[in-house]
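Just below is one structure, and these are the notes that go with it.
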There are 2 protein chains.
Amino acid sequence: MFIELDLQSETPLYEQLMNQLIEGIASGALKPGDPLPSVRNLAENLGINLHTVNKSYTLLKQDGFLQVHRKKGVVVQPDAMPGVTAEFEAKLVRQLRSLAAEAAVRGMTEEAFVTQCRKLYGDTIMKRGGDGQ
Amino acid sequence: MFIELDLQSETPLYEQLMNQLIEGIASGALKPGDPLPSVRNLAENLGINLHTVNKSYTLLKQDGFLQVHRKKGVVVQPDAMPGVTAEFEAKLVRQLRSLAAEAAVRGMTEEAFVTQCRKLYGDTIMKRGGDGQ
DNA sequence: ATATCTGTTATATAATATATATAACAGATA
DNA sequence: TATCTGTTATATATATTATATAACAGATAT
């Protein structure tokens, strides 16, 4: 798992980290049951604060993507991943609607937009079933 | 143009307003050259501050979606709408990648995801060419 | 001309979000 | 015992968001 944070980005660090961890799970780089670095360790490696990493872990735990074993520490959800909840569906619709509208106004055709969507889905899960790098 | 702001949402008011104006242009409810309410008027109608509306207008103007005529006030871009810039392309990829990854992890198939993308594109521009309500 | 409306700018304030810093706690581990 | 774990508490600094009040110059209508 290579994690790269953009300190210049307007996207909060804890959110960038959450996204990259989910992308790691999607790609197979992070498999169910895999241990994650401790909050202190990862924070030091990324050059950020312990609490920023802890916030990402805590939110991902609340969403069901991570679990905390008193023994093993933080691990990728070993059982069933969370499904398509109403909350996620709402977020998906809200964000896709904004992106689709702007794409349309900018002259992007439906096919170009849909093709881009399909490509990005395919890219993120390309490694699934492989050895996870 | 019906604009509804969610005061509970974590999405900033000025961003909600920007999104809905772009969606209005995409749907055809707002046509090139159409006048927009004054910042004071719209602010009062929405029950928010003048500067919040002004921020939305200013950002949309910077992006090329709106123009300010010293005479006509603020109007929808009457000439060519902005195209698919490198900046928009980057935003599109960044946001779609995060959404696609989470959708995949939650068990949403590529077809279900792509279908949702196509549907939302179609919905927003459905009214194009019509009388724009 | 007077009054009113326009976008725009300046200044100030309050609330919230983000990120860091330091410290401590209980449970697990070597 | 010493060290590591996630977790919680407290404090601070900065940036973002939203509001409030005021003023300016250009345009419009009475």
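FYI, it's all coordinate maths here, none of it is from the lab. Note that the structure is a prediction, hence the values are computed from the model and not measured. Backbone-built Cβ (ideal geometry, glycine too); neighbour counts: all protein chains shown.
Here are some notes:
- Some residue of the range B:84-100 being over 30 Å from A:Phe65 (Cβ atoms), of a type in the set (S, T, N, Q) and free of Cβ contacts under 8 Å to residues at least 12 places away in the same chain: yes
- Residues of the range B:1-48 satisfying the condition of being exposed (fewer than 14 other Cβ atoms within 10 Å of the Cβ), farther than 23 Å from A:Val105 by Cα and of a type outside the set (Lys, Arg): B:Asp6, B:Leu7, B:Gln8, B:Ser9, B:Glu10, B:Asn41, B:Asn45, B:Gly47
- Residue, farthest from B:Gln20 (Cα to Cα), within the range A:104-122, restricted to residues that are of a type in the set (A, V, I, L, M, F, W, C) and facing chain B (nearest Cβ under 7 Å): A:Leu120
- Subset tally (residues that are within 21 Å of A:Ile125 (Cα to Cα), within 16 Å of DNA strand C (Cβ to nearest atom) and within 13 Å of chain B (Cβ to nearest Cβ)) for the range A:25-76: 2
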